[in-house]
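In what follows, a single structure is set out as structure tokens and then discussed.
The values are calculated or read from the model by the stated rules, or taken from the named source; none is laboratory data. Worth saying up front: this structure is predicted, and the values here are computed from it rather than measured. When we count neighbours, we look across all protein chains shown, and the Cβ atoms used for this are built from the backbone with ideal geometry, even at glycine.
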Amino acid sequence: MAMGPRRGDPTEEGRIACEDGVPRSDCPYRLDTPEYRAWMEGWDEAEEVKVVGGEEEGEEP
């Protein structure tokens with residue numbers, strides 16, 4: 001059973017998850033852990049890049 005990358009760099013995992021369309025609420029780490037915060041930070045950074053880059057829904061790249 002192939003699951004996504006896990007136990008690597010949580011920040012990078014969060015970034016990849018956002019780019020792959022994984023909802024922010026699907027963070028695989030337990031709340032209030034350093035890994036949770038890092039995953040969320042990576043996800044948020046990727047989302048910000050999408051917004052700044054004009055890749056939000058309905059916008060042309």
Per the filter on region 19-58, residues surrounded by 10 or more Cβ atoms within 10 Å (Cβ to Cβ) and among the basic types (Lys, Arg) are 24, 37, 50
When residue 54 is run through (1) modelled with pLDDT under 95; (2) under 16 Å from residue 11 (Cα atoms); (3) out of contact with any helix residue (DSSP H, G or I) (no Cβ under 9 Å at 6 or more places or on another chain), the failure sits at (2)
